[in-house]
Amino acid sequence: MADISPGGEVGMAREKLTAVKVKNAPPGKHGDGDGLVLHVITADRRAWLFRYQRNGKRREMGLGGFPAVSLADARDKADGARKLLADGIDPIDQREAARQAQAAGTGGAPTGHKSGRGA
């Protein structure tokens with residue numbers, strides 16, 4: 001059976017984030033619970049991550065930057081990733097397969113992130 005647990009040491013939040021906490025959080029990683037993490041790089045650069053472990057390997061999936069992705073949207077995206085994990089599907093692999101299918105269907109590389117990582 002696959003080990004598909006979300007989270008990690010940062011993902012274990014004592015209390016949920018709020019919109020005010022997200023906006024005012026100092027640099028660092030701030031957990032919302034169940035693997036959802038706000039990564040504050042600088043005062044004006046923030047990104048959402050979903051942390052999980054699958055088959056003994058820890059992974060971080062970028063969900064997008066704040067404020068383009070709100071707290072509610074980040075929670076929805078993390079919920080979707082957790083559902084994929086529950087179905088035995090790695091969400092990063094699923095996203096990469098969708099990007100490759102899009103590139104094949106359009107005859108070129110998808111726009112956005114070239115590395116296959118991030119939002």
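Roughly how many debye, to the nearest 20, is the charge dipole of the stretch 4-106 about its Cα centre, given +1 on each Lys and Arg Cβ, -1 on each Asp and Glu Cβ, and no other charges?
200 debye
As a quick test, which of the pairs Lys29/Lys57; Lys21/Lys57; Lys23/Lys77; Lys16/Lys77; Lys21/Lys83 have an alpha carbon distance above 23 angstrom in this structure?
Lys21/Lys57; Lys21/Lys83
May I ask for the equivalent-ellipsoid semi-axes of the stretch 4-106, computed as the square root of five times each C-alpha gyration tensor eigenvalue and listed largest first in whole Å?
Those come to 24, 17, 11 Å.
Where a number appears in this text, it was derived from the coordinates with a stated rule and is not lab data. Everything numeric in this text was worked out from a predicted model, so none of it was measured. Virtual Cβ from ideal backbone geometry, glycine too; neighbours counted across all protein chains shown.
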